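Reviewing the structure listed below.
The values are calculated or read from the model by the stated rules, or taken from the named source; none is laboratory data. If you're wondering where the values come from, they're calculated on a predicted model, not measured in any experiment. No Cβ is skipped: glycine too gets one built from the backbone with ideal geometry, and neighbour counts run over all protein chains shown. Calculation scope for accessible area: heavy atoms of the full protein, side chains included, ligands and nucleic acids excluded. Shrake-Rupley method; radii C 1.70, N 1.55, O 1.52, S 1.80 Å.
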Amino acid sequence: MAFLTTIMILFTISYICLWLTKLVSKRGETCYMIDYECYKATKDTMLDTEQCTKIASRNKNLGIEDYRFLAKTMVSSGIGEETYGPKCIILGEEEHPKLADSLSELESVFYDTLDRIFARSKISPSQVDILVVNVSLLSTVPSLTSRIINHYKMRSDIKAFNLIGMGCSASLVAIDLVQHLFKTQKKKIAIVVSTEAMSAHWYCGRERSMMLSNCLFRVGGCSMLLTNDRARKNQSILKLKCMVRTHLASDDEAYNCCMQVEDDEGYQGFRLNKTLTKVAARALSKNLRVLLPKVLPLWEIIRYVLLKSRSKINLKTGIEHFCIHPGGRAVIDDVGESLGLSEYDLEPARMALHRFGNTSSGGLWYVLGYMEAKKRLKKGDRMLMISLGAGFKSNTCVWEVTRDLDRTNVWKDIIENYPPKKTINPYIAKYAWIHDKDMDFVTTDDIKMMLIGSAA
């Protein structure tokens, strides 16, 4: 007993020394979030049941079994009736998208969110020192950062970074880049813009693992305003406490589970393999092994080590809120189960998925917006952000809330309707007949006419 007590005392002293060393080494390394703004598209681009059905019925490659698969997928997706799609897809131009369509989609996100941030913060574009834009699926010349700099006539010495191909976890990659730049540059202001170009990436083939992306991904994005200037501390809403990034691309299974490819017919899209949820769990597990000792109290770490086989680690001993990437219902379910989270903890991610869909790298901020709209975030609270993306990557960070948050945001005017009361899924209500075996004997053209008729 005396030996164990001695070991515990030495371990505690070592832990305290390590903590003090880190505290001293991080003096001056501060990253505050002053503001963020999520994009809300126009009503004419909403992808409700009827609109989705019209788009699917235009695909000349689909048969009865494919329509059954799509109906089943949409029922179980967790996505609601008010998500947004690219305008060119609504107009029926999915097979022949133009560069102008993608640029128009992105510029709507860029300038709508940034105009609001600059107006609200009273910080002008000319005061921005660092600009990071992450859009995985579009690389243009000049770059997207150059388009923003030109639009706002920003300074010539601004440090601009254009990140592509980083997937749904790109937003935290961009913030990590900013926090590293802050370590060597004092009193700076940074802008991060996270969104995706969906216009040119609607899959028009019939491979089921690639049809999933049409069911999940939607238009959206977010801009964030960050600083390391302590004089602006009172203006901030969040303070970054720590960040951990995990990348499993050296593993073939992880590398191939989410990939942009062409199918056998030459149609380009994203193949989401069945191994994706397993890979995501493995990536997150590796990540949390590094993150949790940084944020949980020592006594909880010791308790978990001693009772590892009989107990899950209690994340709520060091974290009050959980901001999970709304990538799909299965992803949210698996993360919640593996971390022992309650339905209350998962509600923000589920509602962000329901209202806005999977908006790729911008998705986390709709989850944050939900928490703020529900007035959950109080000064001193700690929030864990979990992002998952192709590569395969798991990126996490912990923010501390620097003041009670009750501002209006993208959830304004709709937050009172969430969580929605349970109602029958519209795909079940309107298209249950498609699963009838009698439909096996109906021609594909007749099926399409019936779908359009039901959507009318």
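Return the residues of the stretch 248-285 that are over 25 Å from G205 (Cα atoms), surrounded by 15 or more Cβ atoms within 10 Å (Cβ to Cβ) and of a type outside the set (K, R); say none if nothing qualifies. Steps first, answer last, please.
Keep residues of the stretch 248-285 that are over 25 Å from G205 (Cα atoms), which gives 248-252, 278-285.
Checking the rest, the ones that are also surrounded by 15 or more Cβ atoms within 10 Å (Cβ to Cβ) come to 248, 279-284.
Scanning the stretch 248-285 gives L248, V279, A280, A281, A283, L284.
Look through the stretch 99-127, keep the residues that are part of a loop (DSSP other than H, G, I, E, B) and without any contact (Cβ under 8 Å) to a residue 60 or more places away in the chain, and return whichever of them is least open to solvent (accessible area, probe 1.4 Å).
Kept after step one, since they are part of a loop (DSSP other than H, G, I, E, B), are these residues of the stretch 99-127: 122-124.
Remaining after also requiring without any contact (Cβ under 8 Å) to a residue 60 or more places away in the chain: 122, 124.
Values: K122: 163, S124: 42 Å².
Of everything passing the filter in the stretch 99-127, S124 is least open to solvent (accessible area, probe 1.4 Å).
Among the residues of the stretch 372-386, is there at least one that is open to solvent by less than 10 Å² (accessible area, probe 1.4 Å), at pLDDT 95 or above, within 12 Å of the chain's Cα centre (by Cα) and not acidic (D, E)?
Yes: the stretch 372-386 contains one or more residues that are open to solvent by less than 10 Å² (accessible area, probe 1.4 Å), at pLDDT 95 or above, within 12 Å of the chain's Cα centre (by Cα) and not acidic (D, E).
Since E416 meets every condition but one in (1) part of a strand (DSSP E or B); (2) free of Cβ contacts under 8 Å to residues at least 12 places away in the same chain, which condition does it not meet?
(1)
Any idea which of V295, V305 is β-branched (V, I, T) and touching a Gly at 6+ places or on another chain (Cβ under 7 Å)? Steps first, answer last, please.
Working: V305 fails: touching a Gly at 6+ places or on another chain (Cβ under 7 Å).
On inspection, the qualifying residue turns out to be V295.
Tell me yes or no: at least one residue of the stretch 148-167 is open to solvent by less than 20 Å² (accessible area, probe 1.4 Å) and touching a Gly at 6+ places or on another chain (Cβ under 7 Å).
yes
So, in the stretch 128-158, exactly how many residues are part of a helix (DSSP H, G or I) and among the hydroxyl-bearing types (S, T, Y)? Show your work before the answer.
Of the stretch 128-158, the ones part of a helix (DSSP H, G or I) are 144-152.
Checking the rest, the ones that are also among the hydroxyl-bearing types (S, T, Y) come to 145-146, 152.
The total comes to 3.
With the requirement that a residue be crowded, with 17+ Cβ neighbours inside 10 Å and assigned to a loop (DSSP other than H, G, I, E, B), what does the stretch 321-351 give you?
H325, P326, G327, G328, L341
Hey, any hits in the stretch 400-411 for a residue that's open to solvent by 40 Å² or more (accessible area, probe 1.4 Å), at pLDDT 95 or above, under 20 Å from the mean Cα position of the chain (by Cα) and closer than 30 Å to C257 by Cβ? Walk me through it before giving the result.
First pass over the stretch 400-411, keeping only residues open to solvent by 40 Å² or more (accessible area, probe 1.4 Å): 400, 403-404, 406-408.
Those still in the list that are at pLDDT 95 or above too: 400, 403-404.
Restricting the remaining residues to those that are under 20 Å from the mean Cα position of the chain (by Cα) gives 400.
The next check asks that each one be closer than 30 Å to C257 by Cβ; those that pass are none.
No, that holds for no residue.
Do we find that K316 is outside any helix (DSSP H, G or I) and basic (K, R) in this structure?
Judged against the criteria, K316 is not a match.
When you scan the stretch 185-206, how many residues do you find that are of a type in the set (A, V, I, L, M, F, W, C) and within 18 Å of the chain's Cα centre (by Cα)? Step through it out loud before you land on a result.
Going residue by residue through the stretch 185-206, those that are of a type in the set (A, V, I, L, M, F, W, C) are 189-193, 197-198, 200, 202, 204.
From the residues that got through so far, the ones that are within 18 Å of the chain's Cα centre (by Cα) too are 191-193, 197-198.
Adding up the residues that qualify gives 5.
What about R230, is it in contact with a strand residue (DSSP E or B) (Cβ under 9 Å, 6 or more places away or on another chain) and open to solvent by 30 Å² or more (accessible area, probe 1.4 Å)? Break it down stepwise before answering.
Numbers: in contact with a strand residue (DSSP E or B) (Cβ under 9 Å, 6 or more places away or on another chain): yes; open to solvent by 30 Å² or more (accessible area, probe 1.4 Å): yes.
Considered against the rule, which asks whether it is in contact with a strand residue (DSSP E or B) (Cβ under 9 Å, 6 or more places away or on another chain) and open to solvent by 30 Å² or more (accessible area, probe 1.4 Å), R230 comes out as yes.
Counting only residues that are under 30 Å from D115 (Cβ atoms) and at pLDDT 90 or above, give me the helices (runs of 4 or more DSSP H) lying completely in the stretch 1-97 with at least 3 of them. It would help to see each step written out before you state the result.
Values: elements: 2-25, 49-57, 64-76, 87-90.
Counting at least 3 such residues, we get 87-90.
What do you reckon, is T145 open to solvent by less than 10 Å² (accessible area, probe 1.4 Å) and hydroxyl-bearing (S, T, Y)? First the steps, then the outcome.
Values: open to solvent by less than 10 Å² (accessible area, probe 1.4 Å): yes; hydroxyl-bearing (S, T, Y): yes.
For T145, the condition - open to solvent by less than 10 Å² (accessible area, probe 1.4 Å) and hydroxyl-bearing (S, T, Y) - is met.
If N395 passes every condition in (1) buried (at least 24 other Cβ atoms within 10 Å of the Cβ); (2) more than 15 Å from the chain's Cα centre (by Cα); (3) not aromatic (F, W, Y) but one, which one does it miss?
All conditions pass for N395, except number (2).
Regarding the stretch 204-211, can at least one residue be identified that is within 19 Å of K159 (Cβ to Cβ), buried (at least 16 other Cβ atoms within 10 Å of the Cβ) and in contact (Cβ under 8 Å) with a residue 12 or more places away in the chain? Write out each step before concluding.
Let us first name the residues in the stretch 204-211 that are within 19 Å of K159 (Cβ to Cβ), namely none.
No: the stretch 204-211 contains no residue that is within 19 Å of K159 (Cβ to Cβ), buried (at least 16 other Cβ atoms within 10 Å of the Cβ) and in contact (Cβ under 8 Å) with a residue 12 or more places away in the chain.
With the requirement that a residue be part of a helix (DSSP H, G or I) and β-branched (V, I, T), what does the stretch 303-313 give you? I'd like the intermediate steps shown before the answer.
Here is the first cut: in the stretch 303-313, the residues part of a helix (DSSP H, G or I) are 303-306.
Across the stretch 303-313, the qualifying residue is only V305.
Looking at (1) polar (S, T, N, Q); (2) under 20 Å from the mean Cα position of the chain (by Cα); (3) at pLDDT below 95, which is the one condition that is false for S209?
(2)
Mind telling me which of the residues R245, R218 ends up being of a type in the set (D, E, K, R), crowded, with 19+ Cβ neighbours inside 10 Å, modelled with pLDDT of 95 or more and in contact with a helix residue (DSSP H, G or I) (Cβ under 8 Å, 6 or more places away or on another chain)?
R218
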